[in-house]
Structure formats: C-alpha cells, structure tokens
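Asks: Following this message is one structure expressed as structure tokens.
The values are calculated or read from the model by the stated rules, or taken from the named source; none is laboratory data. Predicted model only: the values in this text are computed from it and were never measured. Reconstructed Cβ throughout: ideal geometry from the backbone, glycine too, with neighbour counts over all protein chains shown. Accessible surface is based on the protein model in full, side chains and every heavy atom, while ligands, DNA and RNA are left aside. Shrake-Rupley method; radii C 1.70, N 1.55, O 1.52, S 1.80 Å.
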Amino acid sequence: GEDVEQSLFLSVREGDSSVINCTYTDSSSTYLYWYKQEPGAGLQLLTYIFSNMDMKQDQRLTVLLNKKDKHLSLRIADTQTGDSAIYFCAESDANRDDKIIFGKGTRLHILP
Amino acid sequence: GAGVSQSPSNKVTEKGKDVELRCDPISGHTALYWYRQSLGQGLEFLIYFQGNSAPDKSGLPSDRFSAERTGGSVSTLTIQRTQQEDSAVYLCASSLGLANHNEQFFGPGTRLTVL
C-alpha cells in the first residue's frame, strides 16, 4: 500500500525557521496536507496543496511540493513556543476514494 | 456545537468487553470519518460515512469493529470483545460533504485503553 514517511523529531530555537520534511510513495496523489496536533487536542488542518501546485504560502507557513521526488515540506517562519506540536503529513488520491493516508507525525520541540 | 465532539474522552476497559465510542459531527456536515491513532503510528483510516451510508468497510481492522450512523448525524464505533491491541486514540472527523474531504475537522479523540 501507499506510504507517507517523515522524521519523528525536530528541535528548533525560538525565532528560527522550522522545516518539516515528508516523502510519499503515491505517484497519483491529488492533495497533500499538513495537520497539527497539540497535546490533548484533535488534529487541526493547517494547510493543504493540490498536487498540480508547487508552492503555497499562508502567513508564516510555506508548503513546498516536489512532485517528481514525491517530497513535501512545511516551513514555519519565526517559530514560536505555540508552534510546539506534532505535525502530520498526509496525502489523498482520487483513485483511492480520496482516503487520506497519514505519516507518523513529526514532534516539533522549541528550544528557548 | 462549534466543533466535532467525541465521547467518552477516555475509556478503560477489560479485555473481552465491548465498547462504544460516539462522535457528534459539526452540524450540517454530511461526511464523517473514523481514524485510529496507535502509539508510535500514524493515523489509520477506518471508515467513512456519506449520510448514513458507509460504502467501504475494508479499513476496519477486524470483524469485531463496526460503525453506524443514524439520522445523518451521530456515529458510533463499536468494538466487540476488545483486545489489548485495540488500545489507541480513536479520532472522528467530519466535512461538509465527501467533495470537501480535503477540509476535515477533527474531534479531540477517545483514548481507549484495554487492560
């Protein structure tokens, strides 16, 4: 089956940029997503990108998609303590009834 | 309510018992999804509903798992004869419709612990 891979941990100093990377195997993904999960809370959709786009920017968030390499990244500019959370990369495919497949999540730790 | 709600928030049960997990989607959302988040694992898709209908049940881990939705609103996920490997956080999400699957709103989850 299709798979989504991401590193499990990332530590970043407050004020620096965070870059969370993700790779996936589905060559016909329709949408790619980034979700944020704070402790004790449900998943929050941060942003998503359609597969025919290569970049999307929303305030401090920048998503880059390299479809050829099946690589997705999320950049958080000026990382704040409130950004501390687990970030899940995910993808869906219209050929697969749009079921979303998630990675295991990257825990972002903010250093003072 | 303003968001997706789930109950109970925590459930501890003994191996072999049945459990029912409840999801209240956002009012007006016709599509509803169940996921499972096991320790150290990503989210695993279980089942989705469009209205009261679940066209594909192949994501359910075993025949001990079943789900239903009535009135196009509340959904229950039932696990019969629970096993320790069923311990996980069960997340529910809803969207306006299946066409809006890319904008799913998630509930806080039910943490199930099977002793």
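Asks: Just a yes or no: is a residue in the range B:17-33 part of a loop (DSSP other than H, G, I, E, B) and within 10 Å of chain A (Cβ to nearest Cβ)?
Replies: No, because not a single residue in the range B:17-33 is part of a loop (DSSP other than H, G, I, E, B) and within 10 Å of chain A (Cβ to nearest Cβ).
Asks: Condition test on A:THR62, is it closer than 26 Å to B:GLY59 by Cβ and either loosely packed, with under 13 Cβ neighbours inside 10 Å or among the β-branched types (Val, Ile, Thr) (or both)?
Replies: Answer is no for this residue.
Asks: Just to be sure, is A:ILE86 touching a Gly at 6+ places or on another chain (Cβ under 6 Å), part of a strand (DSSP E or B) and within 14 Å of chain B (Cβ to nearest Cβ)?
Replies: yes
Asks: Let me ask something else. Quick check, is A:LYS104 within 10 Å of chain B (Cβ to nearest Cβ) and surrounded by 13 or more Cβ atoms within 10 Å (Cβ to Cβ)?
Replies: So A:LYS104 fits the description; yes.
Asks: Check off (1) over 29 Å from A:PHE9 (Cα atoms); (2) open to solvent by less than 50 Å² (accessible area, probe 1.4 Å); (3) at pLDDT 95 or above for B:GLY72 and give me the number that stays unchecked.
Replies: Of the numbered conditions (1) over 29 Å from A:PHE9 (Cα atoms); (2) open to solvent by less than 50 Å² (accessible area, probe 1.4 Å); (3) at pLDDT 95 or above, the odd one out for B:GLY72 is (3).
Asks: Scan A:ASP69, A:ASP98, A:ASP78 and give me the residue that is open to solvent by 40 Å² or more (accessible area, probe 1.4 Å), touching a Leu at 6+ places or on another chain (Cβ under 9 Å) and assigned to a loop (DSSP other than H, G, I, E, B).
Replies: A:ASP98
Asks: Further question: Considering only residues that are more than 14 Å from chain A (Cβ to nearest Cβ) and within 16 Å of the chain's Cα centre (by Cα), which ones fall in the range B:86-115?
Replies: Residues satisfying the conditions are B:ASP86, B:SER87, B:LEU112, B:THR113.
Asks: If a residue must be free of Cβ contacts under 8 Å to residues at least 24 places away in the same chain and either open to solvent by less than 20 Å² (accessible area, probe 1.4 Å) or in a strand (DSSP E or B) (or both), how many such residues does the range B:34-46 contain?
Replies: Here the count works out to 3.
Asks: Looking only at the range B:47-57, which residues are within 14 Å of chain A (Cβ to nearest Cβ) and in a loop (DSSP other than H, G, I, E, B)?
Replies: Within the range B:47-57, B:ALA54, B:PRO55, B:ASP56, B:LYS57 qualify.
Asks: B:GLN84 is checked against (1) at pLDDT 90 or above; (2) open to solvent by 30 Å² or more (accessible area, probe 1.4 Å); (3) within 24 Å of A:ILE49 (Cα to Cα) and fails just one. What number does that condition carry?
Replies: (3)
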